[in-house]
Amino acid sequence: MKYSAWQVFKEGLTGNKGWKPVWREPEPKAEYDVVIVGGGGHGLSTAYYLAKEFGVTNVCVVEKGWLGGGNIGRNTTIIRSNYLLEGNQPFYEKSLKLWEGLEQDFNYNAMVSQRSIINLIHSDAQRDAFARRANAMRLSGADSEILDKAGIMKACPFLDFDNARFPIQGALRQKRGGTVRHDAVAWGYARGADERGVDILQNCEMTGFIRDKDGAVVGVETAKGQIRAKKVAVCVAGSSSRVMSMAGMRLPIESHVLQAFVSEGLKPIIPGVITFGAGHFYVSQSDKGGLVFGGDIDGYNTYAQRGNLPVVEDVCEGGMAIMPMIGRARLLRMWGGIMDMSMDGSPFITKTDIPGLYFNGGWCYGGFKATPASGYCYAHLLATDRMHEVATQFRLDRFRRGLPIDEKGQGAQPNLH
Amino acid sequence: MIINHPLLGPRDAAEFVYKGDVGLIDRPDGMSDDLDTFHDYAYLRDNPAGEHQELWYHEQGDRSWLVVTRSTLTHEITKVELARDVARARGRSS
């Protein structure tokens with residue numbers, strides 16, 4: 001069924017009895033061309049683009065939980081392409097362009113809302129750094145602008161401009177940045193993939209790899225039995241080390257928890273996304289009106305999807321420092337998600353040394369915005385065995401080759417990114 | 001989280017800086033070990049789900065390094081040792 005305003009109108013008049021389930025609940029076949037391990041945002045978009053752009057439809061997605069229950073439903077929904085390095089920025093700009101056409105492309109309302117992202121500037125040095133970043137963004141075809149103090153005062157008059165420690169001098173703004181309804185992204189991709197013949201197996205945990213006598217991966221063991229595959233594509237950011245250890249691999253990744261917070265619903269008060277990097281705080285406003293905000297990772301290895309109180313205090317202090325009016329809002333909910341923190345803060349979309357096994361992960365806390373391009377480039381790799389031109393540097397062996405993509409210039413330290 | 005410091009008693013984890021896997025004690029020998037060994041030491045991690053031995057630095061306290069045994073699934077801490085003692089037991093320090 002194609003969704004449209006007419007369909008909504010017709011169903012409204014006929015008692016909403018014509019809506020069908022958005023995807024099937026199939027039984028697994030014995031063999032597929034590609035088995036994707038992990039039905040999160042990236043896994044589902046990989047399946048979608050494999051089927052739609054590369055004509056590979058004999059595909060199955062194996063998911064331990066339910067669609068939309070992992071990090072795709074836990075992030076703070078921000079999309080942007082304001083990176084610096086050549087290995088990153090063209091990829092994120094590709095992603096932002098895919099976001100811009102996504103809803104028409106998969107015929108699903110993901111509420112893509114390009115209401116801008118603003119990064120605050122507090123010093124001359126930071127202005128120089130952001131001017132350089134703004135230029136790098138433009139070189140990749142993205143939009144960017146540097147706001148002076150009057151400009152940011154006009155856009156966000158409620159900020160604490162005379163903050164004693166971090167007075168606001170200006171901002172880097174990307175107007176095409178914004179927010180998206182995150183779980184609708186999972187549902188839209190799942191529906192689009194399912195329509196094209198992809199089998200999505202929920203509540204079907206992957207428990208091991210099937211290897212042939214030469215060590216190549218030729219399928220996966222699951223809760224619903226063996227599923228053989230020509231290619232196995234792991235896509236389980238947050239649990240990458242656990243899954244890849246079943247193939248005997250150690251990764252340049254630590255798992256950390258990132259907390260997120262949402263206030264009670266308020267009338268529209270914030271124009272887009274605001275980041276206060278110096279104080280480790282960022283905030284946007286959801287379509288329901290809640291202020292959605294967060295800050296740093298907790299900073300220790302964990303797989304528990306909850307954090308501890310010191311970061312809660314730190315985030316709330318950051319909010320009060322830069323946007324004192326936030327103190328009038330009540331905190332409604334808070335939660336945590338597990339991040340693959342890679343050693344240089346950049347992700348992996350790559351082959352592995354094991355034939356038949358592919359890996360996508362290491363998204364740190366920037367995976368959501370990458371969802372469309374991550375799936376597109378992973379599908380490209382799976383279908384053609386070559387990296388897409390915007391993802392050539394996301395290799396697993398880049399540390400061995402001395403070519404990290406160190407966006408922050410901080411070296412091998414996963415808890416800094 | 002509360003870390004039960006062997007010398008100072010129970011301390012708030014916020015007083016500490018987290019470093020990571022205890023394997024970082026076992027730095028390869030710069031003269032005799034090869035590049036692959038250094039690559040694995042610097043970049044690769046076991047990153048287990050369950051019991052994890054890890055280095056914490058008491059920056060806001062006595063500046064000692066500790067080895068904490070903690071579950072990455074529940075955050076429960078089952079053992080705290082001075083890193084000095086652990087390193088000596090591994091023959092890393094005199």
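The values are calculated or read from the model by the stated rules, or taken from the named source; none is laboratory data. Not measured: the values here are computed from a predicted model. Using ideal geometry, Cβ is built from the backbone for each residue, glycine included, and neighbour counts are taken over all protein chains shown. Heavy atoms of the whole protein, side chains included, go into the accessibility calculation; ligands, DNA and RNA do not. Shrake-Rupley method; radii C 1.70, N 1.55, O 1.52, S 1.80 Å.
Scan the range B:42-54 and give yes if some residue there is away from chain A (no Cβ under 11 Å) and over 26 Å from A:G336 (Cα atoms), otherwise no.
So far as the range B:42-54 goes, no, none of its residues is away from chain A (no Cβ under 11 Å) and over 26 Å from A:G336 (Cα atoms).
Which residues, counting only those in the range A:127-172, are touching a strand residue (DSSP E or B) at 6+ places or on another chain (Cβ under 6 Å) and open to solvent by 80 Å² or more (accessible area, probe 1.4 Å)?
The answer is A:D148, and nothing else.
In the range A:388-417, which residue that is within 29 Å of A:V112 (Cα to Cα), at pLDDT 95 or above and open to solvent by 50 Å² or more (accessible area, probe 1.4 Å) is farthest from the other protein chains (Cβ to nearest Cβ)?
Result: A:E389.
Can you name the residue in the range A:236-252 that is closer than 19 Å to A:T46 by Cβ and in a loop (DSSP other than H, G, I, E, B) and, of all such residues, is farthest from the other protein chains (Cβ to nearest Cβ)?
Out of the qualifying residues, it is A:A247.
Looking at the range A:286-310, which of the residues that are of a type in the set (V, I, T) and open to solvent by 10 Å² or more (accessible area, probe 1.4 Å) is farthest from the other protein chains (Cβ to nearest Cβ)?
Filtering the range A:286-310 for residues that are of a type in the set (V, I, T) and open to solvent by 10 Å² or more (accessible area, probe 1.4 Å), the one farthest from the other protein chains (Cβ to nearest Cβ) comes out as A:V292.
Inspect the range A:314-330 for any residue being outside any helix (DSSP H, G or I) and open to solvent by 10 Å² or more (accessible area, probe 1.4 Å) and give the result as yes or no.
Scanning the range A:314-330 turns up at least one residue that is outside any helix (DSSP H, G or I) and open to solvent by 10 Å² or more (accessible area, probe 1.4 Å).
Find the strands (runs of 3 or more DSSP E) located wholly in the range B:39-94 whose residues include 3 or more that are at positive phi, and list them.
Counting at least 3 such residues, we get no strands (runs of 3 or more DSSP E) at all.
Would you say B:E59 is buried (at least 17 other Cβ atoms within 10 Å of the Cβ) and under 12 Å from B:V17 (Cβ atoms)?
Taking the combined requirement at face value, the residue does not satisfy it.
Does the range A:204-224 contain at least one residue that is in contact with a Phe, Trp or Tyr (Cβ under 7 Å, 6 or more places away or on another chain), more than 28 Å from A:M320 (Cα to Cα) and not in a loop (DSSP other than H, G, I, E, B)?
yes
Of everything in the range A:7-61 that's within 13 Å of A:W187 (Cα to Cα) and not in a loop (DSSP other than H, G, I, E, B), which residue is most open to solvent (accessible area, probe 1.4 Å)?
If we take residues in the range A:7-61 being within 13 Å of A:W187 (Cα to Cα) and not in a loop (DSSP other than H, G, I, E, B), then A:H42 is most open to solvent (accessible area, probe 1.4 Å).
Has the range B:9-16 got any residue that is closer than 25 Å to A:I297 by Cα and loosely packed, with under 12 Cβ neighbours inside 10 Å?
yes
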